[in-house]
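**Student:** Would you mind keeping the following structure in view while I ask a few things?
FYI, it's all coordinate maths here, none of it is from the lab. The shown structure was predicted, so the numbers you read here are calculated from the model rather than taken from an experiment. Using ideal geometry, Cβ is built from the backbone for each residue, glycine included, and neighbour counts are taken over all protein chains shown.
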Amino acid sequence: MSHSTPHIAFIGGGNMASAIIGGLIRQGMKPEQITVVEPFAETAAKLLKDFGISALPAAGPALAQANLVIWAVKPQVFSEAAAPVMPHTRGALHLSVMAGIRTDSICRSVGTDRVVRCMPNTPALVGQGITGLFACPSVTTADKVLVEQVIRTTGQYLWVQQESHLDAVTALSGSGPAYVFYFLEAMTQAGVGMGLSAEQAYQLAVATFSGASSLAAASTESPEVLRQRVTSKGGTTYAAITSLDDSGVKASFVKAMQAAEVRARELGDEFGKA
């Protein structure tokens, strides 16, 4: 961490906050360097059990020690949650993991322009996430380094230069795990239809996705070339890919992501009115 004794405050202690907290503690942060505001008793109990962190039921002066405040509440409660936090955290860097709320709204609600907005995805829960990051102009290089150290605990990250590009990140990787699960459902269903057990079909499908992704990550070649390698003319893969092309699957898939991006933009507009 770039500060000698960094202190990180989380507003909201649910799944995404827990994924980051778990990563920070594995990286050597002490529970006493982390403050969490979490009004729900059940979630607070889980934080105590998993990490030894006693969550605060409400925002208070304890937040003043934070170098970094991470916003992990539901977007619709953000402005309400921000009001009691703002008096204590104006000097801190703020990182938002909330979907849809744009930086202008965040800056207004937290009383500072040192705001980074990110779009994580659920594989962050197992340290295999990919997070898109966007920084406001007032964010310093040191601030970015601190954010990277925090996000790295959940997987990979990349910075985008325009905030609107976070809508594309949302469409690709934010919503993306659901597309993979959708294909896994279809492959499992097909396997069962061909006589395999559901367990066998699912095991084959999951291993194929993770293996192919690892192969793609390790290769310098394009996905097109990798696909052609598996596809010999007139073979089984050729039959499958030809069928997918005949059904317009790739075009439908591109259209689906465009729909997700449009919806991300609409949500940003809606939350911006708040």
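**Student:** Report the relative contact order of the chain, percent, no decimals, based on alpha-carbon pairs under 8 angstrom and at least 6 residues apart.
**Tutor:** Value for the chain: 16 percent.
**Student:** Would you calculate a helix-derived [θ] at 222 nm for the chain, using -39,500 (n - 2.57) for each DSSP H run of n ≥ 4 and dividing by the full residue count, to the nearest 500? Don't skip to the end; give the middle numbers.
**Tutor:** Details: 11 runs with 142 residues, N = 274.
Result for the chain, helices only: -16500 deg cm²/dmol.
**Student:** Rounded to two decimals, what is the ratio between the C-alpha radius of gyration of segment 1-152 and 2.2 N^0.38 Å?
**Tutor:** Working: Rg = 13.9 Å, N = 152, 2.2 N^0.38 = 14.8 Å.
Ratio of Rg to 2.2 N^0.38 Å for segment 1-152: 0.93.
**Student:** Arrange the following residues from fewest to most other Cβ atoms within 10 Å of their Cβ: ASP113, ASP245, ASP143, ASP167.
**Tutor:** Values: ASP113 15, ASP245 11, ASP143 21, ASP167 24.
By the 10 Å Cβ count, ascending, the order reads ASP245, ASP113, ASP143, ASP167.
**Student:** Then there is this: Under 1.5 on a/c is rounded, so check that first for segment 115-274, then, if it is not, pick prolate when a/b is larger than b/c and oblate when it is not; a ≥ b ≥ c are the square roots of the alpha carbon gyration tensor eigenvalues.
**Tutor:** Judged from the Cα gyration tensor, segment 115-274 comes out prolate (a/c at least 1.5, a/b above b/c).
**Student:** Round to the nearest 0.05 the FRET efficiency obtained for GLN200 and GLU221 when R0 = 30 Å and r is the Cβ-Cβ distance. Spell out each step's value before the answer.
**Tutor:** On the way: r = 31 Å, r/R0 = 1.02.
Computed FRET efficiency for GLN200 and GLU221: 0.45.
**Student:** Another question, then. According to a simple spin-label model (label point 7 Å from Cα along Cα-to-Cβ), what is the distance in nm between ALA239 and LEU184?
**Tutor:** About 2.7 nm separates the two model spin labels.
**Student:** P(r) of segment 176-266 in 10 Å steps, Cα pairs, percent per bin?
**Tutor:** 14, 36, 40, 10, 1
**Student:** Taking the Cβ-Cβ separation of GLU42 and ALA256 as r and a Förster radius of 41 Å, what is the calculated FRET efficiency to the nearest 0.05?
**Tutor:** Working: r = 35 Å, r/R0 = 0.86.
About 0.70, to the nearest 0.05.
**Student:** Quote the charge dipole size of the chain about the Cα centre in Debye, to the nearest 20; the model charges only the Cβ of Lys and Arg (+1) and of Asp and Glu (-1).
**Tutor:** Working: 20 positive and 21 negative charges, 65 e Å.
Charge dipole, the chain, about its Cα centre: 320 debye, nearest 20.
**Student:** Moving to a separate point now. First check a/c for segment 60-101, with a ≥ b ≥ c the square roots of the eigenvalues of its C-alpha gyration tensor; if it is under 1.5, answer rounded, and if not, answer prolate when a/b is larger than b/c or oblate otherwise. It would help to have the intermediate numbers written out before the result.
**Tutor:** On the way: a/c = 2.58, a/b = 1.55, b/c = 1.66.
Oblate, since a/c reaches 1.5 and b/c is not below a/b.
**Student:** Considering Cα pairs under 8 angstrom that are at least six residues apart, work out the relative contact order of segment 8-168 and quote it in whole percent.
**Tutor:** Here the relative contact order equals 20 percent.
**Student:** Let me ask you something else. Using θ = phi - 60° and the Karplus curve 6.51 cos²θ - 1.76 cosθ + 1.60, what whole-Hz ³J(HN,Hα) does each residue of segment 180-187 get, with Gly and Pro shown as x?
**Tutor:** 5, 5, 4, 5, 4, 4, 5, 5
**Student:** While we're here: Show log10 I(q)/I(0) for the chain at q = 0.13 Å⁻¹, two decimals, from a solvent-free Debye sum over equal Cα scatterers.
**Tutor:** For the chain at q = 0.13 Å⁻¹, log10 I(q)/I(0) is -0.92.
**Student:** Still on this model: Give the order of THR35, THR122 when sorted by the count of other beta carbons within 10 angstrom, beginning with the fewest. Intermediate values should be presented prior to the final figure.
**Tutor:** Working: THR35 23, THR122 17.
In increasing order of surrounding Cβ atoms, one gets THR122, THR35.
**Student:** How much of the DSSP bridge set in the chain is antiparallel, in percent, rounded to the nearest 5? Can you show the working numbers first?
**Tutor:** Values: 4 of 25 bridges.
Around 15 percent antiparallel, to the nearest 5.
**Student:** Using the 10 angstrom Cβ neighbour count as an exposure proxy, how do VAL110, VAL262, VAL180 rank, fewest first?
**Tutor:** Numbers: VAL110 22, VAL262 12, VAL180 15.
With the sparsest Cβ surroundings first, the list reads VAL262, VAL180, VAL110.
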